[in-house]
Amino acid sequence: MKSIKVIIVLIFCLFLASCSKKPDVIYVNGKIYTMDKDNNIAEAIAVGEGKIIALGKSSELKEKYSSVKVVDLQGKTVVPGFIDAEGNLMEFSKQLSLIDLRNAESLDEIVKLVSARVKTAKPDEWIGGFGWDELNLSDSDLEKLNYSILDQVSTNQYIYLVNSLGNTTWVNKKVLDLTKVTKDTPDPENGSIGIDDKNNLTGLFYDDAQEFVIKVLPQPTEQQVMSNIQRGTMELLKYGITEVNDANITEEGLNVYKKMVDDNRFPICLDVMVNGKGPMFEKYLASGPENYKDRINIKCFHLEYDGYFETQDAAMENDYTEEPKRKTPYNDEFDLKDMCKKAFEKGFQVSIKAVGDRAVNAALNAIESVSKEVKSKTGRTRIEYIEFISPNDIPRLKQFEIIPSLRPEISLTDKSIVPDLINPDNGKNVGLWSTLLKQNGMVISGTDFPYHSINPLIQMYYMSTGLSLDTADNRVSNNMGQKLTLMDALKSFTTWAAYGAMVENDRGTLEPGKIADMVVLSNDILSSDPSVLLKTAVLMTIVRGEVLYDNKKPAAYLNR
């Protein structure tokens, strides 16, 4: 009883201390959706030392805290900072310096974009491009893909172009020669070297065969890498993203991120999902979870069971119509069980990428098997993508308290191409957003940048309408039967996303004591039709109370 009294006194003292703190800044005249359990809305928010001190009416906070800088939000909407359930920050940052090929809809357009860069390039300079999409090219264009097309642009520079999914690299002869690959070079285990029907090299490298190209690319210095990352994080802030879950981090990359934190050059938060096999996995099994200066969280292990459906890399129960008809998993159930057991024992969260229904079933089987032996110390096991799921497996998600981690844009694409790749009946089991939410009580969402649209507002539009941006496609295929409310779509990038990353005590809602990560929007998205998302811009992104992105339109700074 005495210990309970002591705890109550301590809590009261902490409450008084927080009340007595003087803020550094007050944001007033806004419509602030706190996203707390009661969905309270405030006009003003006071921030000190990066954390929220108080919320309330503008007049009350200005009167209570005089002689403090005031930012007038001019009636604009404020929501918690967006937490992305998956992105590849290093790759995204690197690609910002490459030719943007995402909007190219023909081979001619790709050639024009590359030709424009060549005009300003020096001899022997490396020219990279990213984002060309096979789905945007005609069959005749796809048949023409060859190093000779790029040689027509230039033989004086090294040219390499990576597709939108990051699983194919197309090079010119100058790069091809540098790889020293021949038509007799064996394919790697999980990749292939492009060969045409005349047994000649095409200059295309698929999946793990891309390593032949990667090995000959000039390596940037550490300072160049840091500059790229700094540019990348600032780009994220333009979209309101203040935190990212990243499953593509090497030991070397992590050390760079830590150095940037030390130098105060890393504004966002990073939730590292360590590969569930290899030296980095063993290192953290020995040392345990880590929180590096409240910027980098390392408390999750991750394995990929399969890959994208559109490239037939998703492990499906039914065979694909064309070869390869059956996907061999990247990791088998033994690998999944080994990771789960060790993670459960050592207090790490588990994340498994499972796209196809066979993959989801395998992930659940592994989790069930291990759970009979070891109880997870953290819980919150995540299945990433979960594009296709058998009806029989849906109740198992709740049974094992799985958090479904969705990729809205990918779901819409997969649903539209099911009849082209596999038995059309599989279309009934893809993109079950509403079903998963009702079953589990929450879902979280990832953009999968840079391979898909980085804008969370666009992803929320997909989820809250079940429609893509292509009206013609929507007439053929849509996911309107599984759409969510706009509030639930927003929660999947805020409140629930924070819970899914185990940071809900610090972020995800706007409440006293939490970190002041906020996004100021041009429209009140929660009082409008979901179509307003397509017209909404991020006006400001506020990280720990400081405006780090401002498009110069919304706020007037007032000194009192």
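Every read-out reported here was derived from the displayed coordinates using simple, explicitly stated rules and does not represent laboratory data. Remember, predicted model here, so these are calculated numbers, not experimental data. Don't worry about glycine lacking a Cβ; one is built from the backbone with ideal geometry, like all the others, and counts go over all protein chains shown.
Obtain the nm distance between the two label points defined at Glu345 and Asp151 by a simple spin-label model: each point lies 7 Å from its Cα along the Cα-to-C-beta direction.
In this crude label model, Glu345 to Asp151 measures out at 5.6 nm.
Multiplying the sequence separation of Glu282 and Thr221 by 0.36 nm and subtracting their Cα-Cα distance, what value in nm do you get?
Stretched fully, the Glu282-Thr221 segment lengthens by 19.2 nm.
For region 297-507, what's the relative contact order in percent, using C-alpha pairs closer than 8 Å and at least 6 residues apart?
So the answer I get is 17 percent.
List the residues, sorted by chain then number, that are 5 or more residues from Thr168 or on another chain and whose placed amide H is less than 5 Å from its amide H.
So Thr168 has HN proximity to Asn163, Asp207.
With 23 Å as the limit, write out which pairs from Lys293/Lys514; Lys57/Lys238; Lys144/Lys174; Lys21/Lys514; Lys238/Lys535; Lys122/Lys183 have Cα-Cα distances beyond it, or answer none.
Lys57/Lys238; Lys122/Lys183
Please report Rg (one decimal) and Dmax (integer) in Å for the Cα set of region 120-171.
11.7, 34
What is the Cα convex hull volume of region 432-521 when expressed per residue in Å³?
Dividing the Cα hull volume of region 432-521 by its residue count gives 114 Å³.
Quick one: check the C-alpha center-to-center distance for region 330-381 versus region 250-273, whole angstrom.
Here the two parts' Cα centres lie 27 Å apart.
List, in order, the whole-Hz ³J(HN,Hα) value for each residue of region 222-239 obtained from phi through the Karplus relation with A = 6.51, B = -1.76, C = 1.60 and θ = phi - 60°; use x for Gly and Pro.
Karplus values, whole Hz, x for Gly and Pro: 4, 5, 5, 4, 5, 5, 4, 5, 4, 5, x, 5, 5, 5, 4, 5, 4, 9.
Sorted from largest down, give the three principal axis spans of the alpha carbons of region 233-356, whole angstrom values.
Dimensions of region 233-356 along the principal axes of its Cα atoms: 52, 38, 21 Å.
From zero outward in steps of 10 Å, how is the percent of C-alpha pairs of region 444-486 spread across the bins?
Percent of Cα pairs in each bin: 29, 52, 19.
With bins 5 Å wide starting at 0, give me the P(r) of region 89-214 over every alpha carbon pair, in whole percents.
Per 5 Å bin, starting at zero, the Cα-Cα P(r) for region 89-214 comes out as 2, 11, 22, 26, 22, 13, 4, 1 percent.
Pull up the cross-link candidates among the aspartates and glutamates for Lys283, meaning alpha carbon to alpha carbon under 12 Å and not fewer than 8 places away within one chain.
Glu251
Between Val25 and residues 5 or more places away or on another chain, which pairs have amide H atoms under 5 Å apart, with H built 1.01 Å from N, and which residues are they?
The list, which skips near neighbours in sequence, is Val47.
Give me, ordered by chain and number, the residues 5 or more places off Phe309 or on other chains with an amide H under 5 Å from its own placed amide H.
Close amide H contacts, sequence-distant or interchain: Ala314.
Roughly how big is the chain's charge dipole about its Cα centre, with Cβ charges of +1 (Lys, Arg) and -1 (Asp, Glu), in debye to the nearest 20?
2680
Would any residue of region 469-499 have its amide N under 12 Å from a label point 7 Å out along Cα→Cβ of Asn39? List them or say none.
Flagged as within label range: 485-491.
Do the alpha carbons of any pairs in Lys51/Lys258; Lys277/Lys428; Lys51/Lys377; Lys31/Lys346 sit beyond 31 Å of each other, and which pairs?
Check vs 31 Å cut-off fails for Lys277/Lys428; Lys31/Lys346.
Grab the beta carbon distance between Asp470 and Lys238, set R0 = 25 Å, and tell me the FRET efficiency rounded to 0.05.
0.55
If you take the Cα atoms of the chain, find Rg, then find the Kirkwood Rh from the mean of 1/r over all pairs, what is Rg/Rh?
0.98
Suppose the chain between Lys428 and Ser390 were pulled fully straight at 0.36 nm per residue; how much longer would it get relative to their current alpha carbon spacing?
Difference between extended and current length: 12.7 nm.
Summing -39500 (n - 2.57) over the DSSP H runs of n ≥ 4 in the chain and dividing by its residue number, what mean residue ellipticity at 222 nm do you reach, to the nearest 500 deg cm²/dmol?
-10000 deg cm²/dmol
Taking only C-alpha pairs under 8 Å that are 6+ residues apart, what is the relative contact order of the chain in percent?
This gives 17 percent for the chain.
If I take the Cα coordinates of region 292-407 and project them onto the principal axes, what are the three extents in Å, biggest first?
Result for region 292-407: principal-axis Cα extents of 48, 32, 23 Å.
Please grab the % of Cα pairs in region 297-507 that end up more than 26 Å from each other.
31
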